[in-house]
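Report on the structure given below.
Laboratory data are not the source of any read-out in this text; all were calculated from the coordinates shown. Bear in mind that the values here come from a model prediction, so they are computed numbers and not experimental data. With ideal geometry, Cβ positions are generated from the backbone for all residues, glycine too; neighbour counts draw on all protein chains shown.
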Amino acid sequence: MGYGQMKSRGLSNRAALFAVAVAFGVGLLGSLAIRPHTITGERGGNTTETNAQQNTRITWRVPVVFQTNLPVLGDNPVYVAKQIEAASGGAIRLRLYEPGEVVPAFSVTDAVRDNKVEAGYTWLGYDQGKIPASALLGAVPFSMEPWEYSAWWYEAGGRELGEALYAPHNMHLLYCGMTGPETAGWFRKRINTLEDMKGLKIRFAGIGGKVIEQLGASVTMLPGGEIFQALEKGAIDASEFALPVVDQTLGFDRIAKFNYYPGWHQPFTASHLVINKRHWDAISNADQALIETACTAGVTRNLARSEGLQGAVMAGFPEKGVSAEVLPMEILRELEAVTERVLAEEAAADADFAKILESQRQFRAEYANWKSKAYLPRDF
């Protein structure tokens with residue numbers, strides 16, 4: 001082989017090596033270009049969108065009863081869903097739907113029962129028309145405070161009673177949210193006596209609504225998103241709904257300037273994740289435990305957020321012309337007496353109601369000895 005041929009062959013080899021190197025570099029850059037972007041969770045755990053999709057084993061459609069943009073009431077299921085997805089590494093996903101998006105706000109449990117959706121997040125008091133005892137699982141006037149309800153649910157048979165109540169309706173319950181007391185309502189005029197309730201058009205829910213009805217008020221049930229318009233147009237004169245931070249977000253303070261306390265009708269407000277039993281029974285014990293753990297965390301976080309936000313909102317009342325009013329003791333005692341009559345009537349008409357009410361009362365009686373001695377007086 002001549003020198004010219006050797007030189008030509010050397011150049012060819014170098015060119016080939018260069019071409020291979022260029023091709024490798026282009027391929028590497030190309031692979032980086034099409035790699036899916038990384039999603040970073042709240043706690044810094046990284047996963048790719050492709051991997052998350054591949055890892056998903058359970059996807060449940062979950063309509064919620066309160067708009068997710070509402071603080072405390074609405075953002076808790078968002079927190080729970082994120083925790084479930086993060087803890088499961090994307091294996092379990094709850095796809096939340098706003099009220100009315102897939103089912104009406106007050107029909108969440110109907111949709112779960114009928115397997116139109118796999119699960120739902122709701123306040124069980126909205127079921128009292130079809131499951132009377134459900135109201136006792138959502139709120140009870142002049143009854144337990146938030147931590148008392150949790151103690152009854154977890155330690156005194158409440159969970160078992162709740163599950164037994166909903167099992168015939170093809171649903172499994174998970175206690176998943178808790179807030180402190182609501183306000184007693186937003187009124188256009190002061191309430192000086194219970195006579196002022198007569199003829200009043202008011203939005204009210206749960207057992208408290210039945211109490212107000214017995215006082216001569218005209219009670220209507222409206223989802224949270226419809227209350228402001230009803231107040232603004234004069235379709236109702238007053239409304240209870242939730243906590244000051246929630247009610248402010250919905251604009252009640254722009255129309256009704258008298259906000260009454262205490263929330264006698266809902267000293268606690270419990271929320272639940274309701275799951276179609278077929279879907280609940282189909283998942284593993286490990287997945288069930290993960291979902292329940294996230295709900296328990298939701299209870300704790302929800303109550304902390306509920307208690308943490310109200311003081312600042314109330315501090316801003318004066319500049320808005322809102323007056324925070326306290327119901328006189330004589331009115332509260334009258335409301336309590338009417339509540340006892342309503343509870344007795346409901347218990348006489350429904351065996352499940354009577355059973356759950358008795359369980360709650362037995363627990364309260366036992367707990368009262370500790371509660372009355374262990375804690376400082378409220379005015380200390």
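Worth a mention:
- For the chain, complete DSSP H runs whose alpha carbons reach 20 Å or more along their own long axis and whose mean Kyte-Doolittle score is -1.0 or higher are 3-34, 285-315, 329-349, 351-374.
- A viscosity of 0.692 mPa s and a temperature of 37 °C, combined with the Kirkwood radius over C-alpha pairs in the Stokes-Einstein formula, give the chain a diffusion coefficient of 140 µm²/s.
- Alpha-carbon centroids, region 355-380 and region 269-343: separation in whole Å: 18
- Relative exposure of 236, 131, judged by other C-beta atoms within 10 Å (fewest first): 131, 236
- Measuring nothing but how far apart in sequence close Cα pairs (under 8 Å, 6+ apart) lie, relative to its length, the chain scores a relative contact order of 20 percent.
- When only alpha carbons are used to place a centre, region 117-161 and region 226-263 end up 24 Å from one another.
- Counted residue by residue at 0.36 nm each, then reduced by the alpha carbon distance between them, the extension gain from residue 332 to residue 279 reaches 14.6 nm.
- Once exposed loop trypsin sites (Lys or Arg not before Pro) are cut out (DSSP; at most 14 other Cβ, 10 Å), longest piece of the chain: 199-377
- Subtracting the Cα-Cα distance of residue 364 and residue 349 from 0.36 nm times their residue separation leaves 3.1 nm of extension gain.
- Distance-filtered residues of region 173-198 - backbone nitrogen under 19 Å, label point 7 angstrom along residue 235 Cα→Cβ: 186-188
- Every pair of different Cα atoms in region 107-252 enters the Kirkwood calculation, which places the hydrodynamic radius at 16.7 Å.
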